[in-house]
Amino acid sequence: MTDDRREAALQYARKNKEKNLSALKEILTIPSVSTEPAHAADIRHAAEWMAAQLRGLGMQKVQIFPTARHPIVYGEWRGIKNAPTVLIYGHYDVQPADPLDLWKTAPFEPTVRGDSIFARGASDMKGQSVATFKAVEALVKTGGLPVNVKWLLEGEEEVGSPNLADFIASHKDLLACDFAFNPDAGMISKDEPTITYALRGLAYFELRISGPANDLHSGVFGGVVHNPANALAELIAGMRDSKGRITLPGFYDSVRKLGREEREELARIPSDEKYYLEKTGVPALLTEQGYTPNECSGARPTLDVNGMISGFTGAGSKTIIPATAMAKISCRLVPDQDPLEVGRQMRRYLEENAPADIRWELVEMHGGDPSISDRDNAPVRAFSAALETVWGKRPYFKREGGSIPVVGTMQQLLSVESVIGGFGLPDDNFHAPNEKLHLPTWYRGIEALIHFFLNLEP
Ligand code: BES
Ligand code: ZN
């Protein structure tokens, strides 16, 4: 009986590939860029599109909750008394598309080239959300859903989810569930099914340095004042030592150590030095002494400049000492670091190291908690079996270097674990020009989700 149901749902998904792709194209045309106020109407439009999808799936209580910024979409179906309830997470917002001139086709005109569809949000993560809709649709339209589902779809993930924790805290009953499914992570490669069990957190800063009241002539005043751009560069250079370790005071105090068994499991992942050289195009890697590249990208914290600006950057030359300099700096954090604590460490570093001949100001922007999840529980086993059925091999268990703060928030506020997966690939260009989604992997993903939900049936 179950086998028939499985087959019927899989057949439904296979027959509807074109329709599923059309639905994906529809949402990819909406430029729901959360950081840009000019796109507020697009964000609302995307939220309404998501709500309409949930209604179309026969979800009950579909509702768009306003927040201080972008709305949260909720829906649920609770038709089976004794089955588990899965809370499916998604975000319908995307990162800005610029630089636009580097896109081969327009970011919000989804275009299929070869095996992939190109558009902002295709992989991160509208494609992932649509995959969950389409797997549920296949089940609803054939034998019926085997589990209860709830959906939490936010529009602020790409700006650090500033209003999500409050929403979760004030809607604990609504969101009560047995576990969450979060498809915002991806796979190691198209042939390597992957389950993510840890995510890095984030602490994001803007560091502003100022010196002279105006830009100065660098001949007249050079040699007597500290150049803010030089001072910024010196401060940043001091934030890391020659062993690749970050020097903010106390930075490593709460970093959870990697155990031997975990290091062995991580060493199975086929991403060695050569892999990172190929994926990035750098002439050599820069890692923390004593750790493999793979450990450095998922299980160790970082400090990076994300952007900096100062002085004259136009064509030609201009001989000035700039009045100000600014850098955006962020740290990726690992369990059990706390973004607020790292903020205090950054401030202490500046108090101890900033010279008296400049002024500095530190703005603490958004942050997010790191998380580490169970690697062995019933839902993880159900997902692992589903991936194995479709890909024919046991999934890799990976620590992700990117951040999905809601996973930690749900652990803290709802006491629920997340199963973290997704069908994006490392070369999907998330946040970059020519973002894409590999369609054969996406179709397999939808099938894997069908297996997953059926595997959860008690
Ligand atoms: N989907 C990503 C997280 C991710 C990136 C998972 C790479 C797996 C691989 C998510 O949308 C994202 O970009 N998160 C931000 C969070 C930040 C704004 C708090 C990130 O990691 O920069
Ligand atoms: Zn993202």
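The values are calculated or read from the model by the stated rules, or taken from the named source; none is laboratory data. Everything numeric here is computed off the predicted structure, so don't read it as measured data. Every residue, glycine as well, gets a Cβ built from its backbone with ideal geometry; the counts of neighbours run over all protein chains shown. Protein only, heavy atoms only, side chains kept; ligands, DNA and RNA dropped before computing areas. Shrake-Rupley method; radii C 1.70, N 1.55, O 1.52, S 1.80 Å.
Tell me, which residue of the range 371-415 that is modelled with pLDDT of 95 or more and of a type in the set (Asp, Glu) is nearest to ligand 1 (Cβ to nearest atom)?
My answer is 400.
Name every residue in the range 426-458 that is open to solvent by less than 10 Å² (accessible area, probe 1.4 Å) and either part of a loop (DSSP other than H, G, I, E, B) or within 16 Å of ligand 2 (Cβ to nearest atom) (or both), in order of residue number.
428, 435, 437, listed by residue number.
Restricting attention to the range 184-207, does a residue exist that is basic (Lys, Arg), surrounded by fewer than 21 Cβ atoms within 10 Å (Cβ to Cβ) and either more than 16 Å from ligand 1 (Cβ to nearest atom) or in a helix (DSSP H, G or I) (or both)? Working first, answer last.
Keep residues of the range 184-207 that are basic (Lys, Arg), which gives 190, 200.
When the remaining residues are screened for being surrounded by fewer than 21 Cβ atoms within 10 Å (Cβ to Cβ), the result is 190.
Going one step further and asking which of them are either more than 16 Å from ligand 1 (Cβ to nearest atom) or in a helix (DSSP H, G or I) (or both), we end up with none.
No, the range 184-207 contains no residue that is basic (Lys, Arg), surrounded by fewer than 21 Cβ atoms within 10 Å (Cβ to Cβ) and either more than 16 Å from ligand 1 (Cβ to nearest atom) or in a helix (DSSP H, G or I) (or both).
Does any residue of the range 351-370 turn out to be at pLDDT 95 or above, part of a helix (DSSP H, G or I) and either under 30 Å from residue 137 (Cα atoms) or among the hydrophobic types (A, V, I, L, M, F, W, C) (or both)?
No, the range 351-370 has no match at all.
Is it the case that residue 151 is open to solvent by less than 10 Å² (accessible area, probe 1.4 Å), closer than 26 Å to residue 439 by Cβ, more than 14 Å from ligand 1 (Cβ to nearest atom) and hydrophobic (A, V, I, L, M, F, W, C)?
Working: open to solvent by less than 10 Å² (accessible area, probe 1.4 Å): yes; closer than 26 Å to residue 439 by Cβ: yes; more than 14 Å from ligand 1 (Cβ to nearest atom): yes; hydrophobic (A, V, I, L, M, F, W, C): yes.
It is true that residue 151 is open to solvent by less than 10 Å² (accessible area, probe 1.4 Å), closer than 26 Å to residue 439 by Cβ, more than 14 Å from ligand 1 (Cβ to nearest atom) and hydrophobic (A, V, I, L, M, F, W, C).
Condition check: surrounded by fewer than 17 Cβ atoms within 10 Å (Cβ to Cβ), more than 15 Å from ligand 1 (Cβ to nearest atom), aliphatic (A, V, I, L, M) and over 21 Å from the mean Cα position of the chain (by Cα). Does residue 229 satisfy that? Even if it seems obvious, please write down each step before you answer.
Values: surrounded by fewer than 17 Cβ atoms within 10 Å (Cβ to Cβ): no; more than 15 Å from ligand 1 (Cβ to nearest atom): yes; aliphatic (A, V, I, L, M): yes; over 21 Å from the mean Cα position of the chain (by Cα): yes.
Considered against the rule, which asks whether it is surrounded by fewer than 17 Cβ atoms within 10 Å (Cβ to Cβ), more than 15 Å from ligand 1 (Cβ to nearest atom), aliphatic (A, V, I, L, M) and over 21 Å from the mean Cα position of the chain (by Cα), residue 229 comes out as no.
Have a look at 176, 180 and point out the one that is surrounded by fewer than 21 Cβ atoms within 10 Å (Cβ to Cβ), within 28 Å of residue 406 (Cα to Cα) and not charged (D, E, K, R). I'd like the intermediate steps shown before the answer.
On the way: 180 fails: surrounded by fewer than 21 Cβ atoms within 10 Å (Cβ to Cβ).
Only one candidate passes the filter, namely 176.
Any chance the range 91-108 includes a residue that's at pLDDT 95 or above, open to solvent by 60 Å² or more (accessible area, probe 1.4 Å), within 16 Å of residue 157 (Cβ to Cβ) and away from ligand 1 (no atom under 16 Å from the Cβ)?
No - not one qualifying residue is present in the range 91-108.
Provide a single number: the residues in the range 252-288 that are out of contact with any strand residue (DSSP E or B) (no Cβ under 8 Å at 6 or more places or on another chain) and either among the basic types (Lys, Arg) or farther than 21 Å from residue 394 by Cβ (or both). Reasoning before the result, please.
Within the range 252-288, the subset out of contact with any strand residue (DSSP E or B) (no Cβ under 8 Å at 6 or more places or on another chain) is 253-255, 257-264, 267, 271-288.
Now narrow it down to the ones that are either among the basic types (Lys, Arg) or farther than 21 Å from residue 394 by Cβ (or both): 253-255, 257-258, 260, 263, 273-274, 276-288.
Number satisfying all stated conditions: 22.
Looking at the range 405-424, which of its residues are open to solvent by 10 Å² or more (accessible area, probe 1.4 Å) and within 16 Å of ligand 2 (Cβ to nearest atom)?
405
Identify, please: which residue in the range 208-222 is assigned to a strand (DSSP E or B) and not polar (S, T, N, Q) and is, among those, nearest to residue 300 (Cα to Cα)?
Initial filter on the range 208-222 (assigned to a strand (DSSP E or B)): 208-210, 216-217, 222.
Of the ones still in play, those that are also not polar (S, T, N, Q) are 208-209, 216-217, 222.
On the way: 208: 27, 209: 29, 216: 42, 217: 44, 222: 41 Å.
It comes out as 208.
What pairs come out if I take residues in the range 118-130 that are closer than 14 Å to residue 26 by Cβ and pair them with residues that are acidic (Asp, Glu) whose C-beta lies under 6 Å away, six or more apart or interchain?
Qualifying pairs under 6 Å: 122/435.
Of all the residues that make up the range 27-85, how many are within 19 Å of the chain's Cα centre (by Cα) and open to solvent by 10 Å² or more (accessible area, probe 1.4 Å)?
5
Select from the range 223-243 the residues that are in a helix (DSSP H, G or I) and not hydrophobic (A, V, I, L, M, F, W, C) and list them in ascending order. Break it down into steps so the answer makes sense when it comes.
Step one: list which residues in the range 223-243 are in a helix (DSSP H, G or I), which gives 228-237.
Passing the criteria: 228, 230, 234.
So, in the range 117-143, exactly how many residues are at pLDDT 95 or above and open to solvent by 10 Å² or more (accessible area, probe 1.4 Å)?
Just the residues of the range 117-143 that are at pLDDT 95 or above, to begin with: 117-142.
Subsequent filtering for residues that are open to solvent by 10 Å² or more (accessible area, probe 1.4 Å) retains 118, 124, 134, 137, 140-142.
Of the residues in the range 117-143, 7 are at pLDDT 95 or above and open to solvent by 10 Å² or more (accessible area, probe 1.4 Å).
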